[in-house]
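See structure below.
What follows is calculated from the coordinates using simple rules that are stated; it is not laboratory data. Note that this is a predicted model, so its numbers are computed, not measured. Here the Cβ positions follow ideal geometry from the backbone for every residue, glycine too, while neighbour counts run over all protein chains shown.
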Amino acid sequence: MRQRALLAAAWVLALAAATAVQLALRDTLDKAHVTVLLFLVVLGASATGGRSLGFLVSGLAFLAFDFFFLLPYNTLAVRDPRDWIVLAGFGVAAFLTGQLFHRVRREAAESQRRAEELAAVLEERAALLERSRAAEQAAVAAKAKDEVLASLSHDLRTPITAIRALAHDLAAGGDDRALGIEEEADRLARLAGNVLDLSRLEAGAMRLDVQPNEVEDLVGAALHQLEGAHPGWQVAVALDAAHPLLFVRCDFSQALRVLVNLLDNACRHAPPGTAVELDVARDGATVRFRVSDRGPGLPAALRERLFGPYARGDATGGTGTGLGLSIAHRLAAAQGGSLAWVPRDGGGTTFEFRLPVAELSPEDA
């Protein structure tokens with residue numbers, strides 16, 4: 001606002017100066033000379049200050065021209081009727097000039113705005129194209145990786161089978177190293193199977209047989225498998241007393257795989273002499289399987305990438321590959337459920353595995 005006021009004052013002073021100079025030379029100047037100089041001041045004001053300033057200066061120039069340069073001098077009266085033509089022409093020209101400059105400035109501003117919008121759109125499109133290319137390259141690389149891993153894990157099965165056969169022959173010959181070889185072959189076979197399953201899950205190619213299954217059957221099968229892997233380990237099971245007959249919609253074998261993975265991890269990291277806890281309860285439209293232990297818990301650095309492939313840490317098995325929880329997480333989601341880590345008061349680790357409730361009709365029950 002201050003800048004506009006200073007600009008207006010400057011052009012009013014310029015008009016006053018032009019009028020004073022011509023007034024001193026009035027007797028030697030023609031009306032055309034006066035008109036041209038005053039009109040140049042009006043042009044300058046309109047060009048730099050816009051329509052409002054142009055109208056102000058043109059109005060003052062109109063009055064100055066009439067007052068000082070048309071007879072009778074120092075009045076607004078006009079003696080010669082022909083001077084009205086000159087005066088009217090000057091006023092109209094000044095008005096049109098102000099309008100013209102206003103339109104030009106407005107069109108220039110609009111062109112600048114459109115140019116800026118176009119530049120912004122082009123920049124955004126360039127960024128989107130770059131992100132699209134990066135995403136496409138990442139997708140191609142991920143697909144290639146999955147294909148290589150799937151092919152590798154599939155091709156490993158033949159040599160693993162051969163190693164097992166050789167280990168069996170060595171064991172028959174009394175070689176004590178055969179047991180270790182067979183155990184490592186089994187571990188390698190599980191690793192190859194996990195890699196293949198992870199690739200299938202990420203590609204959406206794993207087929208699941210989702211149907212109603214009784215929760216108690218699922219828990220019993222998980223405890224039976226756990227007893228073979230961790231004989232003598234205590235698991236404190238708490239079933240939902242308010243819902244003695246619970247069914248979930250799941251692929252039984254894959255849901256069992258998730259639950260056994262969680263129980264196996266808990267047994268591996270729970271301190272000796274403590275029990276692993278399995279709490280099963282209905283929670284809204286899901287059944288919650290909560291597996292807890294009093295082990296060292298999850299390192300803070302591992303929590304954000306816990307369910308990513310190859311995440312490793314004290315809570316996922318220091319000697320493992322970090323595939324178990326990643327596969328379990330994807331299997332849970334593929335069955336319409338979820339798998340999450342939740343904080344546990346007093347230390348330790350708790351995982352919540354959820355599956356959707358299967359509401360059975362009386363005929364099904």
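Take D279, D251 and order them by how many other Cβ atoms sit within 10 Å, fewest up front. Intermediate results must be reported in sequence, preceding the final value.
Values: D279 16, D251 20.
If I rank by nearby Cβ atoms, fewest first, I get D279, D251.
Once each part is reduced to its C-alpha centroid, what is the distance from region 51-85 to region 221-271 in angstrom?
Taking the Cα centre of each part, region 51-85 and region 221-271 sit 102 Å apart.
Residue-wise, which Karplus ³J(HN,Hα) couplings in Hz belong to region 103-119, taking 6.51 cos²θ - 1.76 cosθ + 1.60, θ = phi - 60°, and x for glycine or proline?
Running phi through 6.51 cos²θ - 1.76 cosθ + 1.60 with θ = phi - 60° gives 5, 4, 5, 5, 5, 5, 5, 5, 5, 5, 5, 5, 5, 5, 5, 5, 5 Hz.
With a 10 Å radius around each residue's Cβ, average the other Cβ atoms per peptide and rank 235-243, 119-127, 212-220, highest first. Could the numbers behind the result be given before it?
Working: 235-243: 12.9, 119-127: 10.0, 212-220: 17.6.
Listed from highest to lowest mean packing, they are 212-220, 235-243, 119-127.
Taking the convex hull of the alpha carbon atoms in region 1-92, what volume per residue do you get, in Å³? Numbers along the way, then the final one.
Details: hull volume 7.8 nm³, N = 92.
Looking at region 1-92, the number lands at 85 Å³ per residue.
Between L100 and A126, what length in nm is gained on full extension when 0.36 nm per residue of separation is reduced by their alpha carbon distance? If you can, show how the numbers build up before the last one.
Numbers: separation 26, 0.36 × 26 = 9.36 nm, distance 3.83 nm.
Between L100 and A126, full extension yields an extra 5.5 nm.
When the chain is fully extended, how far beyond the present Cα-Cα distance does L71 get from E359, taking 0.36 nm per residue of separation? The partial results should precede the final answer.
On the way: separation 288, 0.36 × 288 = 103.68 nm, distance 10.57 nm.
Fully extending the segment from L71 to E359 adds 93.1 nm.
Note down the nm distance, to one decimal, between modelled labels 7 Å out along Cα→Cβ at A88 and at A340.
According to this spin-label approximation, the distance is 8.4 nm.
So how far apart, in nm, are the two label points at A47 and L29 if each is 7 Å from Cα heading toward Cβ?
2.0 nm
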